[in-house]
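Below is one structure, written out as structure tokens; the observations come after it.
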Amino acid sequence: MIIAGRTAESLKNIVNGTSAVSSLVSLIYQASSEQASGLQQASVGLEQIDEVTQKNHSSSQECALAARDLSERVSLMQRVLGRFKVKRA
């Protein structure tokens, strides 16, 4: 009887331990799922930042080209207008 009692007690401890491990694994799973979701959201955010950065880069290049073109036109206009003489009254 003593052996059966000890065996029963040991099995009870194993069941309780298994239940505790199962609870911990469940908590780890939930935490991992939350982290995965957070990483996914961060990834989407970084993709959006990358897209905006690329658009800004493209816009900057267009602005630089427009500024260069405008500068060339101003230089041309200055040369053309420099040919005219204006009398002061």
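Rule-based calculations on the coordinates, nothing more; no lab input. Remember, it's a predicted structure, so these values are computed and weren't measured experimentally.
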* Structure fact -> One computes Rg over Rh for the chain from alpha-carbon atoms, with the Kirkwood Rh, and obtains 1.81
* Asked: Angle between the Cα long axis of helix 2-81 and the longest principal axis of the chain, 0 to 90 degrees, nearest 10?
  -> 0 degrees
* To do: Would you list which aspartates and glutamates come within 19 Å of K55, measuring only between C-alpha atoms, while excluding same-chain residues fewer than 8 positions from it?
  => E47
* Helix-only [θ]222 nm of the chain, DSSP H runs n ≥ 4, -39500 (n - 2.57) each, per residue, nearest 500 -> -34500 deg cm²/dmol
* Roughly how many whole Å is it from the C-alpha centroid of the stretch 68-89 to that of the stretch 1-63? -> 69 Å
